[in-house]
Amino acid sequence: LPAEWTVFAPFDGKAAPLSDQDLSSVPETLTVDGTTIKAEKITVTNGQYDFRKFFGKPPYIAEHAAYIFLRISVDAVQEVTLGFGADWYMKAWVNGKPVLDLLQKGNIKSPPSIYNYPVNVKLTKGENILTILLINGNNWGVLALGGEFLKALVRVLQFL
């Protein structure tokens, strides 16, 4: 996955969700329930990022939220396995279509890891947009994302 993520934060985690059309491209600004937020680019190493910078200092207020956009370019149509983990609630879309929804129950698994929720998704040739809505729980908001290597790991685990 790309190391550069585009983030829009913070806003109220109880805000109305964005439309599928809003989730299929990376905007310069994002308006959520009347609040407009300018895009901020972050560089992520090892597929994990702690959103304290966006959500503030302790004590953390539950239900701060962020939308995170990633551009994923591929040379051909293909199915890949993406791994998701968060502290605490999240929903993910690829090209505006939902692929994972943990908004009701939260991540449950701890600590947040790319191995918490592997999901097979179909990517189209060219640029694809992965969008994640992250809503923190009682702690900070950590998001972990992983890519294609998970498919090989799942194959190995099936033989154990």
Next item on the list: Scan the strands (runs of 3 or more DSSP E) fully inside the range 10-118 and keep the ones with 3 or more residues being crowded, with 20+ Cβ neighbours inside 10 Å.
Entry: 64-74, 78-86, 89-94
Next item on the list: Examine the range 54-62 for a residue that is touching a helix residue (DSSP H, G or I) at 6+ places or on another chain (Cβ under 9 Å), at pLDDT below 90 and not hydroxyl-bearing (Ser, Thr, Tyr), and state whether such a residue exists.
Entry: yes
Next item on the list: May I ask you to list the residues in the range 125-137 that are surrounded by 13 or more Cβ atoms within 10 Å (Cβ to Cβ) and either part of a loop (DSSP other than H, G, I, E, B) or in contact (Cβ under 8 Å) with a residue 60 or more places away in the chain (or both)?
Entry: Ile129, Leu130, Thr131, Ile132, Leu133, Leu134, Ile135, Asn136, Gly137
Check: Which of (1) in contact with a helix residue (DSSP H, G or I) (Cβ under 6 Å, 6 or more places away or on another chain); (2) at pLDDT 85 or above is the odd one out, the single condition Ser25 does not satisfy?
Finding: (1)
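The values are calculated or read from the model by the stated rules, or taken from the named source; none is laboratory data. Predicted model only: the values in this text are computed from it and were never measured. Quick reminder, even Gly has a Cβ in these numbers, built from the backbone with ideal geometry, and neighbours come from all protein chains shown.
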